[in-house]
Amino acid sequence: MLDDFMTRATLAGVGVAFAAAPLGCFVVWRRMAYFGDATAHAAILGVALSLAFELSIFPGVLAVALAMALAVTLLAGRGYAMDTLLGVLAHSALAFGLVAVSFLSGVRIDLMAYLFGDILAVSRLDLLIIWGGAVLVIALIAWRWSALLTCTLNEELAYASGLNPNREQLILTLSLAITVAVAIKVVGVLLIAALLIIPAAAARGLARTPEAMAAIAAIIGAVSAVGGLQGAYVFDTPAGPSIVCVAAILFVAFNLVQWRSKVRA
Amino acid sequence: MSLITVKNLVVTYGANTVLENISMTVERGEIVTIVGPNGSGKTSLFRAIIGATQVTGGDIALQPGLKIGYVPQRLHIDATLPITVERFMRLTGRISRARCKEALSAAGVPDLLKRQMTQLSGGQFQRVLLARALINRPDVLLLDEATQGLDQPGSAAFYRQIEAVCRETGCAVLMISHELHVVMSASDRVICLNGHVCCQGTPAVVASAPEYRALFGTGTGGALALYRHDHDHDHSHSHEAAE
């Protein structure tokens, strides 16, 4: 069954969507969208380093994404506004990454594959890594769910409940780095943040509790992955962007439906 | 042992000393109010007690196993976060629906269980925060300016509710308030804070203490006269005007 490249691609897409959904909800609730962007953009530097040291892409990207996320966390609130800081870091990391890749003249690299993903080339090993990472992220977030939610609502409330918001933030940072590392093959560095944010945002109006929002986001993400891949196959379009397009269409559709029911009510 | 014992507490942010040599206690069942102008370190004291701020010196001892119910100053729920009152009440552990209803009734809002948090009015929201703080049957309630955004009758009703609940359950209260005229009558003890403890004692003792007058009296002139919450000592206006 895994011999078929479309089957592998679909499984990869669904795996990433499942990991991105609960994490994406926190990214939306905590207004960390730029944070996701910065971490993802830094990944291209990880790609360059991996290639230079002839490592597999995954550990290099994971290390750089984690370093980036930690750097942002440490620098936050020290002089610059968060969006300025992230703007500097995200685009610098991307630019340095692109320059670093250009030094690797010995190897022929298809840069597009890392910027926009190369989901149709997912191997069995990739699939194993993607699902391993996805399960790890889902397990981490499920384990800390209530604590993360309390910290998201109010820092003092978290302290008074015996929680340490800094530690919980670290869990999110780690999950984000893992998600970036496994998603790079599926949608590429430029669209990872979209996969985090769009399904979660689309699920907002359909949910009454945080748990429901995460579950609905996972379904929307999975539907986008399957639909996007089918669309890419039929219309011969790039797979990663097609997945994000389906998610965006679902986002608009759900909002229109709610807007209409509100107008009627 | 006291529920909360603060001894010679010092808190500094960089070169800035916010709290200096603070000593105070909260005993079982008593209602203690902290008053003080803006920037007097009230919130820093609270953050130190719940462990959210590093202390520079001194000591904070909580009774072993002390259960704290915390009502924050401001709780902003992002519009993108859907959460019902019931789910919010169950944030900190497995809690039965019956217990949720009980806590909401005690806070004076029994019928909100299924509502979305973001759709509550300011008064309802604060009462849900109070209910959540009460849900684990705490030994002490910590309220940080819990009536911000409520009008005067609203906050008076809110404090009466707290007093009633706590007198009934024996839960102690440590609260920060700007609204001296409202909280003074309910408090067993008032601590007047301005970086250090200016004075403390029963509401009557503190209201007549010269240190308190210096901070809150309208006759002292200067910036402190801008401090608006002086309705509880109308007598002193005429008194000081006569001077």
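The values are calculated or read from the model by the stated rules, or taken from the named source; none is laboratory data. This is a predicted model, so every value here is computed, not measured. Note that each Cβ is placed from the backbone with ideal geometry, even for glycine, and that neighbours are counted across all protein chains shown. Each accessible area value is taken on the protein alone, full model and side chains, heavy atoms only, with ligands, DNA and RNA left out. Shrake-Rupley method; radii C 1.70, N 1.55, O 1.52, S 1.80 Å.
Does A:L157 meet the test of being among the hydrophobic types (A, V, I, L, M, F, W, C) and under 19 Å from the mean Cα position of the chain (by Cα)?
Working: among the hydrophobic types (A, V, I, L, M, F, W, C): yes; under 19 Å from the mean Cα position of the chain (by Cα): no.
Against the criterion (among the hydrophobic types (A, V, I, L, M, F, W, C) and under 19 Å from the mean Cα position of the chain (by Cα)), A:L157 does not qualify.
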*Quick check: anything in segment B:118-127 open to solvent by less than 10 Å² (accessible area, probe 1.4 Å) and on the phi < 0 side of the Ramachandran plot?*
no
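Do any helices (runs of 4 or more DSSP H) entirely within segment A:1-114 hold 3 or more residues that are open to solvent by 50 Å² or more (accessible area, probe 1.4 Å), among the basic types (K, R) and farther than 30 Å from A:R167 by Cβ, and if so, which?
Working: elements: A:5-29, A:33-52, A:57-75, A:82-103.
So the answer is none; nothing clears 3.
Could you please let me know if B:L142 is touching a Phe, Trp or Tyr at 6+ places or on another chain (Cβ under 6 Å), open to solvent by less than 20 Å² (accessible area, probe 1.4 Å), at pLDDT 90 or above and not in a helix (DSSP H, G or I)? Give the derivation first.
Details: touching a Phe, Trp or Tyr at 6+ places or on another chain (Cβ under 6 Å): yes; open to solvent by less than 20 Å² (accessible area, probe 1.4 Å): yes; at pLDDT 90 or above: yes; not in a helix (DSSP H, G or I): yes.
Judged against the criteria, B:L142 is a match.
Looking at A:T150, A:T209 in this structure, which one is within 13 Å of another protein chain (Cβ to nearest Cβ), among the β-branched types (V, I, T), without any contact (Cβ under 8 Å) to a residue 24 or more places away in the chain and open to solvent by less than 10 Å² (accessible area, probe 1.4 Å)? Working first, answer last.
On the way: A:T209 fails: open to solvent by less than 10 Å² (accessible area, probe 1.4 Å).
When all the criteria are applied, what remains is A:T150.
Can you tell me which residue among A:V252, A:V180, A:V257, A:V187 is part of a helix (DSSP H, G or I), out of contact with any strand residue (DSSP E or B) (no Cβ under 6 Å at 6 or more places or on another chain) and open to solvent by less than 30 Å² (accessible area, probe 1.4 Å)? Can you show your working first?
Working: A:V252 fails: open to solvent by less than 30 Å² (accessible area, probe 1.4 Å); A:V257 fails: open to solvent by less than 30 Å² (accessible area, probe 1.4 Å); A:V187 fails: part of a helix (DSSP H, G or I).
Testing whether each residue is part of a helix (DSSP H, G or I), out of contact with any strand residue (DSSP E or B) (no Cβ under 6 Å at 6 or more places or on another chain) and open to solvent by less than 30 Å² (accessible area, probe 1.4 Å) leaves just A:V180.
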*Would you kindly identify the helices (runs of 4 or more DSSP H) lying entirely within segment B:1-108 that contain at least 3 residues that are within 14 Å of another protein chain (Cβ to nearest Cβ) and either open to solvent by 20 Å² or more (accessible area, probe 1.4 Å) or in contact with a helix residue (DSSP H, G or I) (Cβ under 7 Å, 6 or more places away or on another chain) (or both)?*
B:42-50, B:85-89
*On the given criteria, is B:Q148 farther than 29 Å from B:V11 by Cα and open to solvent by 40 Å² or more (accessible area, probe 1.4 Å)?*
no
_Residues of segment A:212-230 classified as of a type outside the set (A, V, I, L, M, F, W, C) and open to solvent by 20 Å² or more (accessible area, probe 1.4 Å), total_ = 2
